[in-house]
Each structure stands twice: as structure tokens, then as C-alpha cells.
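The values are calculated or read from the model by the stated rules, or taken from the named source; none is laboratory data. Values in this document were obtained by computation on a predicted structure and should not be read as measured data. Every residue, glycine among them, receives a Cβ derived from its backbone with ideal geometry; neighbour counts consider all protein chains shown.
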There are 2 protein chains.
Amino acid sequence: MKIDFSTSSRIIFGSGEFRKIPDLIKGWGHRAFVIRGNNPTYGKEFFDIIGFLDLEVTYFKVDKEPDIEMLCSAVKLARDNNCEFVVGFGGGSVIDTGKAVAALLNNDGDLMDYLEVVGKGLPQKNVSKPYLAIPSTAGTGSEVTRNAVIDVPEKKVKVSMRNAYMLPKIALVDPELTLDLPQNITATTGMDAFVQVIEPYVCNSPNPMVDMFCRDAIPRAAANLLIAFQEGSNIKARENMAWVSLMGGLSLANAKLGAVHGFAGPIGGMFHAPHGAICACLLPAVMRVNIENLKKNDSENLSLKRYSEIASWLANDLKAEVDDSIHFFETLCKNLKIPRLRDIGITKNDFPSIVEKSRNSSSMKGNPVLLPDEELTRILDLSF
Amino acid sequence: MKIDFSTSSRIIFGSGEFRKIPDLIKGWGHRAFVIRGNNPTYGKEFFDIIGFLDLEVTYFKVDKEPDIEMLCSAVKLARDNNCEFVVGFGGGSVIDTGKAVAALLNNDGDLMDYLEVVGKGLPQKNVSKPYLAIPSTAGTGSEVTRNAVIDVPEKKVKVSMRNAYMLPKIALVDPELTLDLPQNITATTGMDAFVQVIEPYVCNSPNPMVDMFCRDAIPRAAANLLIAFQEGSNIKARENMAWVSLMGGLSLANAKLGAVHGFAGPIGGMFHAPHGAICACLLPAVMRVNIENLKKNDSENLSLKRYSEIASWLANDLKAEVDDSIHFFETLCKNLKIPRLRDIGITKNDFPSIVEKSRNSSSMKGNPVLLPDEELTRILDLSF
């Protein structure tokens, strides 16, 4: 029984809670850096609130996954305007952009000094400037994770800036803000959240804190994702999915993952598709291959028991068979119109290089069973 | 579905994890203020680790619940020695002392400027100095709460210094450090932890984050407290109780409580007895009176359903009756040799003033049912 658990020092969750923004940022300063997504119709009331405050606001729009060039221009703009704090309202790309800006507003040097893999990976010396992170989707849970995922298109990889100071000062999750999400985004981000409470639960080194989050969230996701997709204005379903997303963020930040994320990172670097869509598309095949390998080689494995538990939660039936969970997700992905790997531009010729890059990814190391290359390839094949 | 959740930005839990202390405090500075409890036999290895580090250490011993005089002398000593960070190793009194010292090391003024009720209650301007809080008991969960309880003997009250900056930077919970606890402390602190996962679960405004902690912790406490008491060296039982204590701290800091704590605060100010002993002694009667009042006046109340759930967890039997939970705690308190109210110096003549002071305490406001004075008195009578 061991945990090493970090999160934002304050998490606020609830419908309508975004109206507390003026109170939340009191004392943070006068010059705000406000980051938003691409869609002008989301969160009108959020921007009304910001506009109404007596603040000097520098706005920045994020219209794709953050890359080094975009982040550098965001940091420059924030520094040039002497911004004292950051507010980010959007999907994972917006939230992550805010983390990097808040960090570099209070630390010298440039982004490359701090990036893993492609940069110097220096530690962040000072705490970040205060950052209020407000997700507009129910998906990444990035508001409670300590890294920003950054695209490096010329190297076809994604890398992270990662440290405990990157955790937003306040994570504000308001399900009301997700009511207007279009169906396709509800589907892919919702599946992202769903996967993020499945993989940490069945990973090879679970922990009791994260277990609680997953046990609470998996039944909620099973009962609510399709409803949120079909009836976007159903606030109860939106609330539950926003909660699942928050639990997913807390879980993935504090446990290991598995083959879905092991593949999703490299695939996301090589092909442009929403992270949630890639994860969703891979999940049924990963479950099938993991379950088959566990049954064959290690039938007493805790993860196999946990796959059984999940099956019973998904079916709301204690007698559900472990394989039922695979069918559940195959059906759910069809209903949510999740694309297949071929739909996002992958060909079978790409399989060897995907396997090559995924085999040793950090997420892959959390997979409940070690999968040889032919099994990894079979996952891609089944998801094709 | 609403939460406003704060905690230490990093929580580490696990047997033997205290050996990581040198890594954890790296970069915090050279001059440490180390607070310890009264018992020289606890945690020898902890002090060996501290002594071995290349630090200038100022030691401070806490041998009772912190009062203003003691805290002022601790702050003066820490300031005089220009301490850069704080390490606290002990029970709730030690942990709370550390919070106040860490706060005042980085903020001007003196303790009275910041105290609720008896002081000016000013907000804390600067973050606290880094504070590593390491409980030596499995009880208060104070390592993850944002207040320090301070005794004001001349006014016979306890007050708090309270704000989000008071949360220790790192909470390190190591069950190994509780192996040497004597039986009476295992009993009273263990019951403190147990009550702290019961009251937030049945309070009148539960929240889903805290619900998770309580659902996880109540069955663990039921299965392990008596074992930890009877076989102090049983590391599994100690682990579970340390976990319950941590969950209790997270729960009480982020939800309401009830009549047990509603009484325990004022009684603790008036009579000198361990907080956990007072809580334990009151719990069965509070449950009895709450359950009876709920059954009579509001039989569809969610809290009553939750008392039923608790009964089934305690008995590990889905068919357990709600009243079984009362008997469970009556028996447990007897087995743990928990004192009665009369044993801690209370007489029946004190009941009116206890009721008077408890009636409007903030914890009492979380009780699942509003209790008139005669019912409050009945609780005291049943616990006498």
C-alpha cells in the first residue's frame, strides 16, 4: 500500500461554480493572461464575467495542440504585458498552454530549457504564477495534472514540460460549461476520460488512492457517456462525465497507465487526430489482448480480477463475464461514432514503426501484462 | 454535485517511506526547525536520519496541545535561528504546531494577528515556509488539514489559525512509524480517525469526493482498529489505520461533520482529555440519537440510508440492521477501553454549559438532523 499523490491545491467542482471566478482570482493581480479555444460560441457567459472585471486582460487563442512555436509566442505576449496570473478556459490544449505560460512567467529562460526529451529538461526553480484552469470539455482532466503536452511536429513526437509546480493553483470544473459541446467532441473527450479511469485501475502497480477514484468513476461513465452524447443538454449526464474527467486526471497523474496510452502518445505525434479518438479506438482491442494474455499466462493476476469487476460495473450485473466488457466498449465506440485507425490516416505499413515507438513508452510499462511485438501489432490490427 | 476540495500539494503514504526524507527536503534550505513529541522512544530512526543530514537543526519539543504561549516561543525560536523550513514528527499537537511556525516564519506579526475568535483573524499574506508533516499516530489526519487547533486555557476554549496556506507542503504518512504506539493511544487516535470518516459521510451536506474516502475507509477501520490495538506490531492493521487517518483528514477538511465534533470541540476546551477519547465516547450515543430522530421525523433522509450502509460495512453483511452499527461501536469502545464522560472529569452539572457551548458550534451544523437541547443532553447522559 503506497501512494505518492500530487494535485492542484484547490479543486472546485459544480454546476454554475464558474460564476465564482471573480472571488477566486481576488488578490492575484490586475493583469490577466486569458487563454481560450477556437470556438467563439462556447462559454459566452465566462467571457462576459472576465470582461466585466476591472482587469487588464491579454487574450490568447489556442486553435490546435500546443507546439513550441505557439507556446513561445504565448509566453512572449504574457511577459511583454507583465501578466500577473493566467486563466485558461478550454480543452486540454488550452489548459496545457496555460500551465507552460504560468510557469515561464515566473521563471527565466525559454521553453526549450525546461522540455523533456527535445530540450534541456531543467528543473523549474520558482513556483508558477497563479493559474485558474477551467476545462470546457469533459475529457483530459489536464486541470489536475502536472504536465503540459507539447507537439514537436518536425520530429513527429509529443513531449512534456513536467513538474509539480505546473499544477494549476485552482482547478475549476463546471459541468454547465460543457452543455454546448458538439457530439463528436463529447464522444472523443468522454472516451478519453473513460480510458483514464480504466487503465490506472488495471495497471501493473495500482494504488489505493487512485483505486477509489476509478471505482467511483467507471460506473458513472458507463451510465452517462452515451446519454451525454445523445442528449447534450442533460445536465446530470454532463455532471457525471465532468466528474469522470476530473477523476481521470487525478488517476492518470498519480498512477501508471497501459497499452492504450502507450500507443496513443506515439500515434498522436505521428498522425493528427484527437487524443481521445485514438484512445477510444484502441481500448476494446487492448482489453481483448490483455485479457487473453492474462488468462493464458497469469490467471490469478490482480488485473484480471479487476477487469472482471469492471465488467460487472459496466453491465451493472455482478454476474457479468470479463469478456462482456470488451463487447461493451466495442458497442459504445460504434454508438459514439469513434473512428477506426484507418480513418485517421494510418495504414498497415505504419504498424512496425508505431510498435517500435510505443514498445518502450512510459505508459506501456504500466500495462498489466508484457506484450510482445506480435501482440502489440494484433492490437493495431483489431483497431484498424 | 459540488465540491471545493483542498489538500497538501503532495501526499506520500507507505511503510518505510520516511527513509525518503533526505530527498523530500532537498532544496528547502540548510536551517531546519524540527518539532517532536514528548516520547523519546518513538521514531529513533527518524531522528537518526535527521541527525545524519548536513543541516543546522533547531529542535523543539511539544508535550501538550499547543497553546498561545508555547506557539509564540516556538515561533520566536524558529525566527531567531532563521529557520528556512519545518519538519514536524508527532501527533496532532506536533503537526499543528508546525503549521503555525511555518506560517509565521514567512509572515510578519505575531500569532494573535492571525487567530480566529480570540485574535484579529487577519488573512495570511505569504505562503508558509515549506513544511514536511509526518504523523506518528494514526488519528487526526492533521497533516492534510488547513488549520492548527490552539488551546486558550484562560478562556477555556480552543481556537484555530486557518487558511489554505497552512496545508503542509508534503504530508508523509508512514505506518511503520506507528508500530510502537502504546495501546491507549492506538485506541483513542484510532477512534478519532474512525469518527472522522463516519461524520462526513452522514452529515447533512455530503460531497462525492469525501464520500469516496469514507466508503473506502469505514470498512478498513472496522476490520483493523481492534487488531492494531491488540497486536501493535501488525503492520497490515497499522497500514490500514494510517490510511483511515489520512482519509479522515481529507474528509473532515473538505466536508461538514456532526454532533460528535460539535460536542468534542467545546468539551476539549473545558476538560483535558484526548480529542479522540472524547469523540469515541460520544459516537455511539450520537448515532443512537441521530438514528432515532431520523427514523421518527424523516425516514427517507439520505443520512439514514447512509447509516444503514455503514451498518452493513461494519458487519460485513448486507443484511445488517441500522441499529447494529450502534452496538458495534458500543462494543468496540468497551474493547478499546475508551473512558466515559465521567472518567474525564465531567459531572452532570456540567451538561447545561456543554450543551450551551456546543449547540451552535460549526460542526454541530453539519449534523444530519437538528437536535433540540433535550436530545443533546440525552447524548451526554448516554455517554456518561
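The table that follows gives values for the structure above.
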quantity: Failed condition for residue A:119, given (1) modelled with pLDDT under 90; (2) in contact with a strand residue (DSSP E or B) (Cβ under 6 Å, 6 or more places away or on another chain); calculated: (2)
quantity: Selection count where residues are of a type in the set (A, V, I, L, M) and either at pLDDT below 95 or within 19 Å of residue B:275 (Cα to Cα) (or both), scope the stretch B:339-375; calculated: 6
quantity: Pairs with Cβ under 6 Å, 6+ apart, first in the stretch A:87-106 and in contact (Cβ under 8 Å) with a residue 24 or more places away in the chain and within 18 Å of residue A:245 (Cα to Cα), second assigned to a helix (DSSP H, G or I) and polar (S, T, N, Q); calculated: A:92/A:142; A:95/A:142; A:96/A:142
quantity: Residue identified as more than 19 Å from residue A:140 (Cα to Cα) and either within 26 Å of the chain's Cα centre (by Cα) or within 14 Å of another protein chain (Cβ to nearest Cβ) (or both) among A:83, A:72; calculated: A:72
quantity: Long-range neighbours under 7 Å by Cβ, at least six apart or interchain, first residue closer than 15 Å to residue A:179 by Cβ within the stretch A:218-232, second among the charged types (D, E, K, R); calculated: A:228/A:238
quantity: Any hit, the stretch B:266-279, residues being of a type in the set (A, V, I, L, M, F, W, C), assigned to a helix (DSSP H, G or I) and surrounded by fewer than 22 Cβ atoms within 10 Å (Cβ to Cβ); calculated: yes
quantity: Test: residue in the stretch B:1-19 that is touching a residue at least 40 places away in the same chain (Cβ under 8 Å) and over 25 Å from the mean Cα position of the chain (by Cα); calculated: yes
quantity: Which numbered condition residue A:101 misses (of (1) of a type in the set (Val, Ile, Thr); (2) within 19 Å of residue A:226 (Cα to Cα); (3) out of contact with any Ser or Thr (no Cβ under 6 Å at 6 or more places or on another chain)); calculated: (2)
quantity: Check on residue A:96, at pLDDT 95 or above and in contact with a strand residue (DSSP E or B) (Cβ under 9 Å, 6 or more places away or on another chain); calculated: yes
quantity: Residue A:157 being in the same structural domain as residue A:19 (by TED's automatic domain parsing) and surrounded by fewer than 22 Cβ atoms within 10 Å (Cβ to Cβ); calculated: yes
quantity: Qualifying helices (runs of 4 or more DSSP H) (wholly inside the stretch A:286-368; at least 2 residues being touching a residue at least 12 places away in the same chain (Cβ under 8 Å) and within 25 Å of residue A:217 (Cβ to Cβ)); calculated: A:302-315, A:324-335
quantity: Filter result for residue A:50 (under 18 Å from residue A:177 (Cα atoms) and touching a strand residue (DSSP E or B) at 6+ places or on another chain (Cβ under 9 Å)); calculated: yes
quantity: Enumeration of residues in the stretch B:369-384 that are surrounded by 12 or more Cβ atoms within 10 Å (Cβ to Cβ) and assigned to a loop (DSSP other than H, G, I, E, B); calculated: B:369, B:371, B:383, B:384
quantity: Residue A:152 being within 16 Å of the chain's Cα centre (by Cα), surrounded by fewer than 22 Cβ atoms within 10 Å (Cβ to Cβ) and away from every other protein chain (no Cβ under 14 Å); calculated: no
quantity: Every residue from the stretch A:221-247 that is of a type in the set (Phe, Trp, Tyr) and farther than 16 Å from residue A:188 by Cβ; calculated: A:243
quantity: Residue B:204 assigned to a loop (DSSP other than H, G, I, E, B), over 17 Å from the mean Cα position of the chain (by Cα) and in contact (Cβ under 8 Å) with a residue 40 or more places away in the chain; calculated: yes
quantity: Residues located in the stretch A:3-49, provided they are part of a strand (DSSP E or B), away from chain B (no Cβ under 14 Å) and touching a Lys or Arg at 6+ places or on another chain (Cβ under 9 Å); calculated: A:33, A:35, A:36
quantity: Meets criteria (buried (at least 20 other Cβ atoms within 10 Å of the Cβ), outside the structural domain of residue B:275 (by TED's automatic domain parsing) and charged (D, E, K, R)) for residue B:45; calculated: no
quantity: Boolean, residue B:154 is among the charged types (D, E, K, R), free of Cβ contacts under 8 Å to residues at least 40 places away in the same chain and outside any loop (DSSP other than H, G, I, E, B); calculated: yes
quantity: Pair list, Cβ under 8 Å, 6 or more apart: the stretch B:183-194 residue farther than 16 Å from residue B:263 by Cα, other residue of a type in the set (Phe, Trp, Tyr); calculated: B:183/B:229; B:186/B:229; B:187/B:229; B:190/B:229
quantity: Pick from the stretch B:177-209, criterion within 14 Å of chain A (Cβ to nearest Cβ) and at pLDDT 95 or above, ranking: surrounded by the most Cβ atoms within 10 Å (Cβ to Cβ); calculated: B:197
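Condition check ((1) under 29 Å from residue B:91 (Cα atoms); (2) crowded, with 18+ Cβ neighbours inside 10 Å) across all residues:
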{"position": "B:285", "(1), (2)": "yes, yes"}
{"position": "B:311", "(1), (2)": "no, yes"}
{"position": "B:345", "(1), (2)": "yes, no"}
{"position": "B:357", "(1), (2)": "yes, yes"}
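For every residue, the table says whether it meets (1) modelled with pLDDT of 95 or more; (2) under 19 Å from the mean Cα position of the chain (by Cα).
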site	(1), (2)
B:227	yes, no
B:255	no, yes
B:261	yes, yes
B:268	no, yes
B:280	yes, yes
B:285	yes, no
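Conditions (1) in a helix (DSSP H, G or I); (2) in contact with a His (Cβ under 8 Å, 6 or more places away or on another chain); (3) buried (at least 23 other Cβ atoms within 10 Å of the Cβ); (4) of a type in the set (Gly, Ala, Ser), marked per residue:
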residue	(1), (2), (3), (4)
A:215	yes, no, no, no
A:221	yes, no, yes, yes
A:233	no, no, no, yes
A:247	yes, no, yes, no
